[in-house]
Amino acid sequence: MTLTSPAVLATATDTHCPYCSLQCGMRLSAGADKPAEVLERPEFPVNRGALCGKGRSAPALLDRTVRLTGPLLRDRPGAPLRSASWSEALDRVAAGLARTRAEHGADAVGVFGGGGLTNEKAYLLGKFARVVLGTANIDYNGRFCMSSAAAAHRRAFGLDRGLPFPLADIPHTGCLILVGGNPAETMPPAVRYFRELRENGGTLIVVDPRRTRTAELADLHLQPRPGGDLALALGLLHLVIADGLTDREFIARRTSGFDRARESAMAHWPDRVERITGVPVHQLREAARLFGESDTGIVLTARGPEQQSKGTDTVGAWINLCLATGKAGRPYSGYGCLTGQGNGQGGREHGQKADQLPGYRSIEDPAAREHVAAVWGVPAGSIPGPGKSAYELLDGLGQPGGVRALLLAGSNPAVSAPNAGHVTERLRALDLLVVADVVLSETAALADVVLPVTQWAEEDGTTTNLEGRVILRRRALDPPEGVRSELWLLRELAARLGVPDGFPAEAEQAFAELRRASAGGDADYAGISYQRIVAEDGVFWPCPAPDHPGTPRLFLDRFATPDGRARFAEVTHRPAGEEPDEEYPLFLTTGRVLSQYQSGAQTRRVAELNTAAPGPFVELHPRLAGRLGIADGEPVAVTSRRGRAVAPARITDAIRPDTVFMPFHWAGAGRANSLTNPALDPVSRMPEFKLCAVRVEPVLKEVTA
């Protein structure tokens, strides 16, 4: 970014970054005679003008040479994709969906959404599935993001919002424990909050098997074995109780279930926890003392503890630590989740999740069904019940009783799903695969019909950031002639399938209906308008009326449970879905790098980002590399029970000797999700991305004569 003249600033459009859940504010200057340029927007309170490389380079993807600019379709299986008109493409989609529904039933048609879709798109996608298609089978890739944290949050507090307080509270807390997150690489503008915390005299504790850029900022870094987070949280609670650091008055007045939680924690004494986690007892004691003695404290979790087959219980154990020490439901204290995707929060609130209706309502609640049905103008009994969760939906594609025709928007499961080789086979087995996307992703390349859609800078629409702040992206330039919004294509498909009304193509009209559908729900947007969002730099939900101020901080007076009390979780340590053994003796954990995002479908098309992060790698400890005879930069094969990946070795003492790490942004031979385990959490149905058992071997170089 460079200094910009007042005239340019005056004509620039205030909008937001298309990437992570910070939804950083920016300005976009776009003219007919020059490329779009990102400018600072220092008054937006979340990032205060700061942007990472992904945000600064976001306009590169608007270039017509790197994106889809017209519909594509395949005339027959195995034939190449060819250009088509919108009429031909939509007619093909509508006919295929109708035929599948008629021959195999409504639930043979499925919808798979994305955590990057705007609230308006997520809302109408859910309505389309249930009203037009009549299918229960809709879910989205946010199930892979923070569903375990959401389940634990609702179980403990009765309500799930990623952060129940604004990011601005973080610098004012006394002690913060960050579990399994690396914001220095995943959301760099947020790091200023952690730096300010330490500058104000607070303490930062980071829990991660790797010494990441974030861990290097910490006062104390705990480095557990993958899968040890649950035992670690229970061990800290044990020490807090044993050392008399609980807040008895808070426990008695504002919680329930402490006695059983205490009983479980006391079975996780320090020596046992050290054996399970590998974290030395003296570090356990130091962490418990720092958090327990602090007047205020926050625990934040990210994908590390959440993407496990015990993720809901793991997050519940960390919430227990907050509750036992009285660090919840008051300023500068509480539990929160660092949402990953740009609209991971709003994306699950308004109906593209298998078990939810708009307003974060349960699809099984009769009153919720009646309310939403009235807004939609349909009988409540016509709304299907809960469908399959994301991986279960993908796992059953093309199988008897599974989805046979799939409409997929804003997701790339051929790279991002666990056991991705298997998921790719299932996508190929479909009778009809329709993909709406900005680029020809690896999943779109498998499709029978590809529908090119607008991007962040080419449309209006709201998203909800990790704080629960509803913000507004504004249209700054026109899309290419052959590109349409998902809202438009849902309207066109609905009309072709016999529902000519109820699917507005204008975002603000869709938002007006969303407000009515969400009214009275947990995520109540009824009092939020585009005008308020602009005037107030975003509005925090719940906001039930136009004169309501919004709710930056939840739970200050009572929790959202029937009795107003937070509920301790009764949890105990258990093994991961897959532990190392003789054949597969190492842990694999996965994650992100600074210059790529999610499946890489977008960022891998930006030259600046590819230069900084050109490809996959396998991170190994020097002791492990020495034992296996692997040199830095040499190709290594990582093999699990599900597949094999090959990438160059990166040798570093920043990782545990029993663990290897791979980033998951790439397709092809280095696809990390070829290896990952689809074992599901029994509550959230989140797959166990964050650990599986693997072996690592050098790739033998071909000997040529």
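The values are calculated or read from the model by the stated rules, or taken from the named source; none is laboratory data. Remember, predicted model here, so these are calculated numbers, not experimental data. Heads up, the Cβs are rebuilt from the backbone with ideal geometry, glycines too, and the neighbour counts pull from every protein chain shown. Keep in mind that these areas ignore ligands, DNA and RNA; they rest on the heavy atoms of the full protein, side chains included. Shrake-Rupley method; radii C 1.70, N 1.55, O 1.52, S 1.80 Å.
Starting from the Kirkwood Rh over alpha-carbon pairs, what translational D in µm² s⁻¹ does region 301-391 have by Stokes-Einstein at 25 °C and 0.890 mPa s?
Working: Rh = 15.6 Å.
In µm²/s, the coefficient is 157.
Sort Thr572, Thr611 by heavy-atom solvent-accessible area, probe 1.4 angstrom, most to least. Walk me through the numbers before you get to the answer.
Working: Thr572 70, Thr611 115 Å².
Of Thr572, Thr611, the descending order of accessible area is Thr611, Thr572.
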- [ ] Would you please put 370-380, 590-600 in order of how densely packed they are, using the mean number of other Cβ atoms within 10 angstrom per residue and starting with the highest?
- [x] 590-600, 370-380
Task: In nm, spacing of pseudo-spin labels at Asp33 and Asp632 (7 Å Cα→C-beta vector) - done: 5.0
- [ ] Give the accessible area for Tyr391 in Å² (nearest 10); use a 1.4 Å probe, count only protein heavy atoms, and leave out ligands, DNA and RNA.
- [x] 20
Task: Bins of 5 Å, starting at 0 and running to the largest distance - Cα pair percent for region 631-705 - done: 3, 14, 23, 24, 17, 9, 6, 3, 1, 1, 0, 0
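To the nearest µm²/s, what D does Stokes-Einstein give for region 412-548 at 20 °C and 1.002 mPa s, using the Kirkwood radius over alpha carbon pairs as Rh?
Numbers: Rh = 17.3 Å.
Using the Kirkwood radius from Cα pairs, D works out to 124 µm²/s.
Could you list the trypsin sites (Lys or Arg not before Pro) in region 638-705 that lie in coil according to DSSP, counting only those with at most 16 other Cβ atoms within 10 Å of their Cβ? Show your work: numbers first, answer last.
Numbers: sites: Arg641, Arg642, Arg644, Arg650, Arg671, Arg685, Lys690, Arg695, Lys701; in loops: Arg641, Arg642, Arg671, Arg685, Lys690, Lys701.
Here the sparse-neighbourhood loop sites are Arg641, Lys701.
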TODO: Return the label of the correct value of Rg/Rh (Cα atoms, Kirkwood Rh), as calculated from the structure shown, out of (i) 1.20; (ii) 0.95; (iii) 0.98.
DONE: (ii)
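To the nearest whole percent, what portion of all C-alpha pairs in region 522-675 is separated by more than 29 angstrom? Could you put the intermediate results ahead of the total?
Working: 5834 of 11781 pairs.
For region 522-675, the fraction of Cα-Cα distances above 29 Å is 50 percent.
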TODO: Go through 100-109, 297-306, 248-257 and give me the packing order, highest mean Cβ count within 10 Å leading.
DONE: 297-306, 100-109, 248-257
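Indicate the gyration tensor shape class of region 150-289 (rounded, prolate or oblate), computed on the Cα atoms with a ≥ b ≥ c the square roots of the eigenvalues: a/c under 1.5 is rounded; otherwise a/b larger than b/c is prolate and the rest oblate.
Working: a/c = 1.65, a/b = 1.20, b/c = 1.37.
Judged from the Cα gyration tensor, region 150-289 comes out oblate (a/c at least 1.5, b/c at or above a/b).
Taking 0.36 nm per residue of separation and subtracting the Cα-Cα distance, what length does fully extending Ala669 through Asp563 add?
Values: separation 106, 0.36 × 106 = 38.16 nm, distance 5.30 nm.
Computed gain between Ala669 and Asp563 is 32.9 nm.
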- [ ] In whole angstrom, note down how far apart the Cα centers of region 31-98 and region 200-238 are.
- [x] 39
Task: Sparsely packed GluC sites (Glu not before Pro) within region 467-521, loop by DSSP, other Cβ within 10 Å at most 16 - done: Glu481, Glu506
- [ ] Report, by chain and number, residues whose modeled amide H sits under 5 Å from the one on Thr325, excluding near sequence neighbours (fewer than 5 apart, same chain).
- [x] Asp247
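Stretch Glu579-Ala242 to full length: gain in nm at 0.36 nm per residue minus the Cα-Cα span?
Roughly 118.2 nm would be gained on extension.
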Task: Between region 406-462 and region 561-630, the alpha-carbon center distance in angstrom - done: 23
Task: Alpha carbon centroid spacing (whole Å) that separates region 290-318 from region 518-546 - done: 29
TODO: Could you calculate the FRET efficiency of Asp537 with Glu506 from 1/(1 + (r/R0)^6), where r is the beta carbon distance between them and R0 is 30 Å, rounded to 0.05?
DONE: 0.80
- [ ] Would you mind checking which residues have amide H under 5 Å from Ala647's amide H? H placed 1.01 Å from N; only 5 or more apart, or other chain.
- [x] Val636, Val638
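Give the value in nm², to one decimal: projected area of the alpha carbon convex hull of region 493-582, averaged over all directions. Intermediate results must be reported in sequence, preceding the final value.
Numbers: hull surface 51.3 nm².
Result: a mean projected hull area of 12.8 nm².
Please tell me the relative contact order of the chain in percent, rounded to the nearest whole number, where contacts are Cα pairs under 8 Å and at least six residues apart. Walk me through the intermediate numbers first.
On the way: 1702 pairs, mean separation 132.2, N = 705.
Rounded, it is 19 percent for the chain.
Stretch Asp478-Arg192 to full length: gain in nm at 0.36 nm per residue minus the Cα-Cα span? Before the final figure, lay out each step's value.
Numbers: separation 286, 0.36 × 286 = 102.96 nm, distance 3.46 nm.
Once the chain is fully extended between Asp478 and Arg192, it gains 99.5 nm.
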Task: Fraction of beta bridges assigned by DSSP in the chain that are antiparallel (%, nearest 5) - done: 45
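Could you work out the percent of alpha carbon pairs in region 341-485 separated by over 28 Å, rounded to a whole number?
On the way: 3261 of 10440 pairs.
Value for region 341-485 (Cα pairs over 28 Å): 31 percent.
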- [ ] Just reorder Ser309, Ser382 by solvent-accessible area, largest first, 1.4 Å probe, all chains present.
- [x] Ser382, Ser309
